[in-house]
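Right, one structure below, let's go through it.
A short reminder: the numbers here are calculations on the coordinates, not readings from a lab. Remember, it's a predicted structure, so these values are computed and weren't measured experimentally. Cβ sites come from the backbone with ideal geometry, for glycine too, and all protein chains shown count toward neighbours.
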Amino acid sequence: MATIHVRHLRKQYRTSRRPHDVLGGLRALLGRDSIVVCALDDVSFDIEEGECVGYIGQNGAGKSTTIKLLTGILVPDGGEIEVAGLVPWRQRERNALNIGAVFGQRTQLWWDLPLIDSFELIGQMYRIPRARYRRNLDHFVDLLDMAAFIETPVRQLSLGQRMRGDLVAAMLYEPRILYLDEPTIGLDVLARERIRLFLEEINRTGRTTIVLTTHDLRDVERLCRRVLLIDHGRLLYDGAVDELKKVHASYRLLTVETIHAGIVVTVPGAEVIRREGAKTWLRFCPEQHSVAELIADVTRRYEIADLAVAEPELEAVVRGIYEGL
Amino acid sequence: MDRQIATWPNALAYLRLVSMAARTIYVYRANIGVNLLAMVVQLYLLKVVWSAVYAGRSTIAGVGLDELLQYLVLSNIQVWLLSPSLPAFVQDRVRTGQIAIDLVRPVAFRGQLIAQQAGTTVGMLPFVLLALPLAVGMGGLRLPSSLVMACLYAISLSLGFLIVTQIGLLLGLLAFWTLETTGFLALYRFVVQFFGGALVPLWFLPPPLRGVAELLPFQFQAFVPASIYLDRLGGDELLHALALQVLWVVGLFVLSRLVWQWAITRAVINGG
Amino acid sequence: MRALSTYRRLVAANLTAELRHGPSALVGLVMSFGFQLTGLLFLWVVLDRSGGLGGWTKGEVTFLYGLRLLVRGLSLLVFGRLDGLPGLVHSGGFDRYLVRPLPPLLQVMAARVSLNALGDVVGGVTIFLLGNTLVRFSWSPTDLAYLVLVILGGCLLEPALRLIVASLSFWFVGTGRLLFVVDDLFNSAGNYPLSIFDGAIQLVFTLAVPVALVASVPATVLLARTPELGVQPLVAQAVPFAGLIWFVTAHRVWQRALRSYQSTGH
């Protein structure tokens, strides 16, 4: 049985158009003045142990709802969920012992206390044997370079430091599944890279299954081999990242930099998508025009300083899918 | 920095601030409604307690139960209507750093505060009208005895309003010094009501406590205006009280100005 | 139970966090206690003007006040103020409580246990002892046993009501203010002997919003003034059990609210 097993998952929200003051609340109770929003409609997938899966979609597509259903925060309106053999919303506290969750925008650490105190509390709450707690703590602190601020109150930490703290807090008890909701949001380049390396490490060594929800598709490209794309409550795509690119974006990018600026670069068979200074970006279909031909063509026509061929970025691919909808 | 710019365009700006504050009250009408409920409940409890105190007796220290109840209705409504919105307002701006922008605005900050408080009070007036029948049903309330008295009442109440505004500003400025204010505000609320005379009219306070109450400005929110209304304060005493009120307004103005300057320099040092 | 030891740890963490704020923690404690003292001040001033309140002497009123304050302090120490819930639900922070291997109610309680409660306990005990001396109360073993029962039952009442109101925040916005009103009621109406209210209100304060059951009715029993309640003595004496009933009801409401949160999101 897959670690995460989801079949025909359905979830609706009943929301009112106005904020709930007493009168609005009464009206909502009477069933009036509310609209039903379908957040998830017949979503099914399986995730095996040890996979690292990207769960992507636009805002409001149903990502957060899915995560909340998987973690047991919400109760589904239809369908079945099983995570590590448990039904999350029915066996919430037992399920909690199996999962770690990092919500990018809200920390789970205790605000006024030193970081280490939060870890101690987590250790106590999740019944981590003392020796294992110490070993994991030392390992993660070392891995994420946190010794310098482990005694600092959480409210004085920078966003990057806090995020590292949240990650450690989620991993201390070695959960079978780790849910990450926007873990790199608002972080600078270095901090993001550190987090990515950490996630790569735990996915490689442990058997932790990772479900990553993010808007930053570079994270997905880097960490996940499989991606689930959700839109308006339905799964649009479930498969390998490579496949997604191959199917939906069978083109390549050619970047040409001429020695002299201001030269207009055109090549038959390729479409110019951007020009900036001496650089030109072109798009072509490798099935129709071979790479070698194009490169030869370009070098023959212009004096080239630099040239590069690249695959389309996941970001562009997904955008293309949305635009195609 | 704190120049009073009194030109026509700025008068409109003030008016707009007033209306904004009043509209904010409407947005939070559920909160205000609950506040009103709390006031009515308190009034009821006071009525019950004092009625029990009067059990059998017609007057205490020359004051009859009817008159006392009217007094309580009036003074509690006054305290409620004049409750300061400024402490939270100013504190919030200090915490978020917004205060730096406030200083640069063309409308003088002190003027802004008065407009804010005025707007809040205006916004709460409809609620008072709503509660009036209920409150009056509890204690009864007759009209002022003459137009002169009504005017004097209005003057006293307005002076009380100015006093509350200044105190509100000072309380708000506390945010420069301390983070923890919730316990303090609860205590403050009681002090205002008790020494203001909304729980026990100052006529009934034992001498040492009465002495303290008369030294404090809170009496001008509840006791003094209400006494004028009920003809319990007349002639020389009345003039004396009004003069004292004016003195307090001026004194608080000076004090708040000093504290304000001090706070600004401190804010500048801390980098805003 | 494992959950209880975790609860203790969470409370300890919260109190430590408060202490880290140093002097302001002490100030908060003093302020809170000062605020409770003012209620007594008001009563004393009023009683100076009259022979008594509903026939109750100054000493008896002090006795009642001390009992109420001590019960309140203890309940706050154990159950916390429960006032963090509206904010948590509104901000979405409550979700985290559902992802932890601990009942969310315990987490909500632990988050708002405050040092201020200690001030209430100490103050309450002091005032209660003062009342005892003024009334010249002599404690029989039955009285003492009953006192324990009263304290246990009373400790459950206020939190029960708070929990019910707090649970409303899963459905309505703005319940924070309502919590404040309930708190106010317990702090004011709960101080008076029941006999000064007329019949309808007596029913309200015993059945609808049971402020009188916390200390007023038990004090009436202890002070041997039961006849003025107008009910069978056994009914008055059984009041501590109302605390249990109210708490069980409150827990049901809480669970219902939790189910609703999970099925509608926010």
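Give me the percent relative contact order of the range A:111-250, please, defined on Cα pairs under 8 angstrom at least 6 residues apart.
On the way: 129 pairs, mean separation 27.4, N = 140.
The value is 20 percent.
Can you pull the mean other chain C-beta count within 10 Å for peptide B:129-137? Please report the intermediate quantities before stating the final value.
Values: counts 0, 0, 0, 0, 0, 0, 0, 0, 0.
Per-residue shielding by partner chains comes out at 0.
Exposure proxy shown here: for A:Asp41, C:Asp48, A:Asp306, A:Asp166, the number of other Cβ atoms within 10 Å sets the order, fewest to most, as A:Asp306, C:Asp48, A:Asp41, A:Asp166.
Arrange the following residues from fewest to most other Cβ atoms within 10 Å of their Cβ: A:Leu212, A:Leu172. Don't skip to the end; give the middle numbers.
Working: A:Leu212 25, A:Leu172 22.
Ranking A:Leu212, A:Leu172 by Cβ neighbours within 10 Å, fewest first, gives A:Leu172, A:Leu212.
Listed by chain and number, the aspartates and glutamates whose alpha-carbon sits under 14 Å from that of B:Lys47, ignoring those within fewer than 8 places in the same chain, are B:Asp66, B:Glu67, C:Asp198.
Only four residue types carry charge here, +1 at the Cβ of Lys and Arg and -1 at the Cβ of Asp and Glu. Report the dipole size of chain A about the Cα centre in Debye, rounded to the nearest 20.
980 debye
Computed from Cα atoms, the angle from the helix A:159-171 axis to the main principal axis of chain A rounds to 60 degrees. Taking the DSSP bridge list for the protein assembly as shown and keeping only pairs wholly inside it, about 70 percent are antiparallel.
Around the amide H of C:Leu53, modelled in the peptide plane, lies no amide H under 5 Å away from a residue 5 or more places distant or on another chain. About the centre of its Cα atoms, the protein assembly as shown shows a dipole size close to 1120 debye [charges on the beta carbon of Lys, Arg (+1) and Asp, Glu (-1) only; nearest 20 debye].
Where in the range B:106-139 does the label zone of B:Val63 land, with the point 7 angstrom along Cα→C-beta and an amide N cut-off under 17 Å? From the range B:106-139, the list is B:139. Taking every alpha-carbon pair in the range B:8-269 and binning the separations at 10 Å intervals from zero gives 7, 28, 35, 21, 8, 1, 0 percent. Direction-averaged projected area, Cα convex hull, the protein assembly as shown: 46.2 nm², rounded to one decimal.
Take every pair of alpha-carbon atoms less than 8 Å apart whose residues are at least six positions apart; their mean separation over the length of chain A yields a relative contact order of 19 percent. Taking the Cα atoms only, what angle lies between the long axis of helix A:291-301 and the longest principal axis of chain A, rounded to 10 degrees? Value to nearest ten degrees: 50.
Label-to-label distance, A:Glu287 versus B:Leu134, with points set 7 angstrom from Cα along the beta-carbon direction: 7.4 nm.
Residue exposure proxy: A:Cys224, A:Cys38, ordered by other Cβ atoms within 10 angstrom of their Cβ from fewest to most, comes out as A:Cys38, A:Cys224.
For the range B:115-221, which chymotrypsin sites (Phe, Trp or Tyr not before Pro) are in a loop by DSSP, counting at most 16 other Cβ atoms within 10 Å?
Details: sites: B:Phe127, B:Tyr153, B:Phe161, B:Phe176, B:Trp177, B:Phe184, B:Tyr188, B:Phe190, B:Phe194, B:Phe195, B:Trp203, B:Phe204, B:Phe218, B:Phe220; in loops: B:Trp177.
Passing both the DSSP loop test and the Cβ count: B:Trp177.
One equal scatterer on each Cα of chain A, no solvent, Debye formula: the resulting log10 I(q)/I(0) at q = 0.09, 0.11, 0.12, 0.14 Å⁻¹ is -0.62, -0.84, -0.94, -1.12. Each principal axis of the range C:2-264 carries a Cα extent, and these read 56, 42, 35 Å when sorted largest first.
Out of the trypsin sites (Lys or Arg not before Pro) in the range B:152-251, which ones are loop residues according to DSSP with at most 10 other C-beta atoms within 10 Å? Could the numbers behind the result be given before it?
Details: sites: B:Arg189, B:Arg210, B:Arg232; in loops: B:Arg232.
Answer by residue number: there is no such site.
Axis angle, to the nearest 10 degrees, between helix A:314-324 and the longest C-alpha principal axis of chain A: 90 degrees.
Pick out, in residue order, every one of the trypsin sites (Lys or Arg not before Pro) in the range A:43-90 that is DSSP loop and has at most 11 other C-beta atoms within 10 Å; say none if there are none. Present the calculation step by step, with values, prior to reporting the outcome.
Working: sites: A:Lys63, A:Lys68, A:Arg90; in loops: A:Arg90.
Here the sparse-neighbourhood loop sites are A:Arg90.
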